Amino acid sequence: MDQSQNAILEMRGIRKVFPGVVALNNVDFDLYGGEVHALVGENGAGKSTLIKIISGLYQRDGGTMTLNGKPVDFRSPADAIAERIKVVYQELDLVPTLSIAENVFLGHYPRGRFGNVDWRELNRRATELVGSFGLDIDPQTPVGQLRVAEQQLVEIARALSLQAQIIVMDEPTSALSPAEVDKLFSSIRRFKQSLCGIIYVSHKLEEIYQVADRVTVFRDGQCIITKPVAETQTHDLVNWMVGRELKEFFPKTEARPGKTLLEARHLSAGRLHDFNLTVRAGEVVGLFGLLGAGIHTIARALFGDVSYTGEVLLDGKPLKPGSPTDAISKGLGLLTENRREDGLVPFQSVQTNITLVALQKFASGGWIHRRAETQAAAEHVHRLSIKTPSLRQKIRLLSGGNQQKALMARWLLQKPRVLILSEPTRGIDVGSKVEIYRLIDSMAHEGMGVLVMSTELPEIMGIADRIVVMYEGRITGEFTRAEATQERIIAAAAGMTGNGRPEEAVAA
Ligand SMILES: Nc1ncnc2c1ncn2[C@@H]1O[C@H](COP(=O)(O)OP(=O)(O)OP(=O)(O)O)[C@@H](O)[C@H]1O
Ligand SMILES: [Mg+2]
């Protein structure tokens, strides 16, 4: 980064107010060509709001914004796109029915001599671009058929095709595998060389140290500090973000497992093959695997959401296959990794979203005790520090991480006998992560069985009593808390059996 040159983007005294919330208060932010400027902060700190102002989606209520020295006032996303500003959103905005190629070049298709779309050229260029990310997929595939990770890479290919001068990435790695993250980072380095400026939002602080040149910390809509990354350490970032010292990252107490609550026998679904697992009362079982290993499919199969062969028993009673309703009524809870598909009722209030499943707890004689319902919702909003102006706020207006926390609250309130949590802290800030770990621990202590699927190794190692590792739909290792080491788990996740000796590698 060359600080002597002028900033591409300069924002001064930016203010944005929503009913009941000051999302941004007198914020300064700037971006140089060829730098990666990371933006971090707790859930609801205002990161996405700043980005939406840069992208023309929101209009600021105060402050100034200049682009290459000249004042700008974006009235719509089209204005920002015209200035070659490309945002890869937290929620993807590809058109699912269009092909990869069409999505990459949406709005600027290559044209033939007579102004007609040159489809061959379109496909050729798309193949080249998409291929440069190591994505080996026919560019004519509809985007709706891709995995989230692949869609993300299409979004980034689109940014390249636009020859953007500013690229904004809002939590881009939340659904990527380590190999895909590497590809993303090398494309980021490529963007830097072309003197493009990159704004990088993430809750994964280790990523900041891998890709970013400078970092800005937001707290409660205010800019706390901007510094070169090299002059900071993780614990500084955490302190600036949460405004206090964070102790005890994984609050974990000794487990006393009781009787078997959940049992999967010979489960096969999709690429899952003959999967057997038990979860006992009072136990936290961690299921670890790299993306594509099948850990997320298991969550859905156990819940009856994906069809399977084999049997799932809850407290000895078989669950009806293909019936989430049956699973819930028998005492199973599921928080999936995908909050948008996951029963978030966007146009309903925060309260309704939290009390949705547990509603019968507040019902008697045909009445719902609204006061008890409100009280329970309020308690959970407080416990998980969900940032919302009121319980009546529509949940879709909450920040991404706070929506996720509300879904978590839903299951905490329901208190199922076995709770399946798939990527429970994806998109959640460091402070709230600790709170969620504490809650998982205390629920297990009260006798709940918890099954956690995560692609994050430190998380699994920090909270699980027993760790089951998967590779390509099969179990390749199982470790007690005492046995588990990072090396052993990684070896198992790479397809080597439990003791990590390559000669026992599982045949594909
Ligand atoms: N359209 C909106 N209407 C009302 N309030 C909003 C709207 N958009 C954002 N907010 C509020 O503004 C604040 C900042 O939200 P923002 O989405 O910018 O947070 P964030 O830093 O991106 O958080 P996260 O890490 O959870 O994604 C939050 O309190 C949020 O509820
Ligand atoms: Mg956000």
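The values are calculated or read from the model by the stated rules, or taken from the named source; none is laboratory data. Predicted model, so just to flag it, every value in this text is computed and none were measured. With ideal geometry, Cβ positions are generated from the backbone for all residues, glycine too; neighbour counts draw on all protein chains shown.
Overview of results
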read-out: Meets criteria (over 28 Å from Leu176 (Cα atoms) and hydroxyl-bearing (Ser, Thr, Tyr)) for Thr325; value: yes
read-out: Failed item, numbered, when Arg392 is tested on (1) at pLDDT 90 or above; (2) within 16 Å of ligand 2 (Cβ to nearest atom); (3) assigned to a loop (DSSP other than H, G, I, E, B); value: (2)
read-out: Test for Arg158: is it basic (Lys, Arg), assigned by TED's automatic domain parsing to the domain that holds His37, more than 16 Å from ligand 1 (Cβ to nearest atom) and crowded, with 21+ Cβ neighbours inside 10 Å; value: yes
read-out: Residue in the stretch 488-497 that is in contact with a Pro (Cβ under 9 Å, 6 or more places away or on another chain) and within 16 Å of ligand 1 (Cβ to nearest atom) present; value: no
read-out: Which listed residue, of Val168, Val181, is at negative phi and part of a strand (DSSP E or B); value: Val168
read-out: Number of positions in the stretch 30-62 that are within 15 Å of ligand 2 (Cβ to nearest atom) and either outside the structural domain of Ser76 (by TED's automatic domain parsing) or of a type outside the set (Val, Ile, Thr) (or both); value: 15
read-out: Test: residue in the stretch 402-415 that is within 14 Å of the chain's Cα centre (by Cα), not hydrophobic (A, V, I, L, M, F, W, C) and not assigned by TED's automatic domain parsing to the domain that holds Gln348; value: no
read-out: When residues of the stretch 356-373 are limited to those that are surrounded by 16 or more Cβ atoms within 10 Å (Cβ to Cβ) and either in contact with a strand residue (DSSP E or B) (Cβ under 8 Å, 6 or more places away or on another chain) or part of a helix (DSSP H, G or I) (or both), the one modelled with the highest pLDDT; value: Glu373
read-out: Some residue of the stretch 145-153 being closer than 22 Å to Lys52 by Cβ, assigned to a helix (DSSP H, G or I) and free of Cβ contacts under 8 Å to residues at least 40 places away in the same chain; value: no
read-out: Test result for Ala358, touching a residue at least 60 places away in the same chain (Cβ under 8 Å) and hydrophobic (A, V, I, L, M, F, W, C); value: no
read-out: Check on Ser385, more than 30 Å from Gly292 (Cβ to Cβ), within 16 Å of ligand 1 (Cβ to nearest atom) and modelled with pLDDT under 90; value: yes
read-out: Elements of type strands (runs of 3 or more DSSP E) in the stretch 1-86, at least 2 residues being within 15 Å of ligand 1 (Cβ to nearest atom); value: 9-18, 21-31, 36-41
read-out: Per-region count, the stretch 309-340, residues at pLDDT 90 or above, part of a loop (DSSP other than H, G, I, E, B) and within 29 Å of Arg396 (Cβ to Cβ); value: 0
read-out: Test: residue in the stretch 218-231 that is away from ligand 2 (no atom under 16 Å from the Cβ) and closer than 30 Å to Lys330 by Cα; value: no
read-out: Failed condition for Ala23, given (1) within 16 Å of ligand 2 (Cβ to nearest atom); (2) surrounded by 23 or more Cβ atoms within 10 Å (Cβ to Cβ); (3) closer than 20 Å to Leu195 by Cα; value: (3)
read-out: Search result, residues across the stretch 174-190 that are within 16 Å of ligand 1 (Cβ to nearest atom) and buried (at least 20 other Cβ atoms within 10 Å of the Cβ); value: Ala175
read-out: Residues of the stretch 336-381 satisfying the condition of being in contact with a Leu (Cβ under 7 Å, 6 or more places away or on another chain) and among the charged types (D, E, K, R); value: Arg339, Asp342
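Listed here are the residues, each with its yes/no results for (1) modelled with pLDDT of 90 or more; (2) assigned to a strand (DSSP E or B).
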| position | (1), (2) |
| --- | --- |
| Leu419 | yes, yes |
| Gly427 | no, no |
| Ser432 | no, no |
| Glu435 | no, no |
| Leu451 | yes, yes |
| Ile460 | yes, no |
| Thr476 | yes, yes |
| Phe479 | yes, yes |
| Asn499 | no, no |
